[in-house]
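Below: the structure, in structure tokens.
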Amino acid sequence: MATDYDAPRKNEDELSEDSLEELKGRRSDKQSAVVDEDEAEAADSYELPGADLSGEELLVRVLPAQADEFTCANCFLVRHRSQVAREKNGLFYCKDCEG
């Protein structure tokens, strides 16, 4: 945001007056009498077109950890060996968790 250094500056009293006027203005605003909907209820009734995946079967090929990979003992992500920051009691920790 650009700052106009030539503009007159307000002192502490003027700043507090502005904020009081703003609060008074907000108080006079009427409160909404509308009750919010339950989001879960609204989501249950809404269906995406073509989103019926109940008959679908997900096929994923899971590979075991490779020789150059390790599983971080803190975040449990599989990482490349170059990301090892520390080894303690046979457990490896990645650079992100140790950093």
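Tell me which of these Y46 doesn't satisfy, since it passes every other one: (1) at pLDDT below 70; (2) open to solvent by 100 Å² or more (accessible area, probe 1.4 Å). Exception for Y46: condition (1).
Kindly indicate whether A85 is modelled with pLDDT of 90 or more, surrounded by 11 or more Cβ atoms within 10 Å (Cβ to Cβ) and hydrophobic (A, V, I, L, M, F, W, C). If you could, list the steps in order and put the result at the bottom.
Details: modelled with pLDDT of 90 or more: yes; surrounded by 11 or more Cβ atoms within 10 Å (Cβ to Cβ): yes; hydrophobic (A, V, I, L, M, F, W, C): yes.
In short, yes.
Every residue, every condition in (1) in a loop (DSSP other than H, G, I, E, B); (2) at pLDDT below 90; (3) of a type in the set (S, T, Y), yes or no:
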{"residue": "M1", "(1), (2), (3)": "yes, yes, no"}
{"residue": "L15", "(1), (2), (3)": "no, yes, no"}
{"residue": "R26", "(1), (2), (3)": "no, yes, no"}
{"residue": "E57", "(1), (2), (3)": "yes, yes, no"}
{"residue": "A67", "(1), (2), (3)": "yes, no, no"}
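The values are calculated or read from the model by the stated rules, or taken from the named source; none is laboratory data. Computed from a prediction, not measured in an experiment: that's the story for all the values here. Here Cβ is always computed from backbone atoms with ideal geometry, including for glycine, and neighbour counts include all displayed protein chains. Heads up: the accessible areas ignore ligands, DNA and RNA and are worked out on the full protein's heavy atoms, side chains in. Shrake-Rupley method; radii C 1.70, N 1.55, O 1.52, S 1.80 Å.
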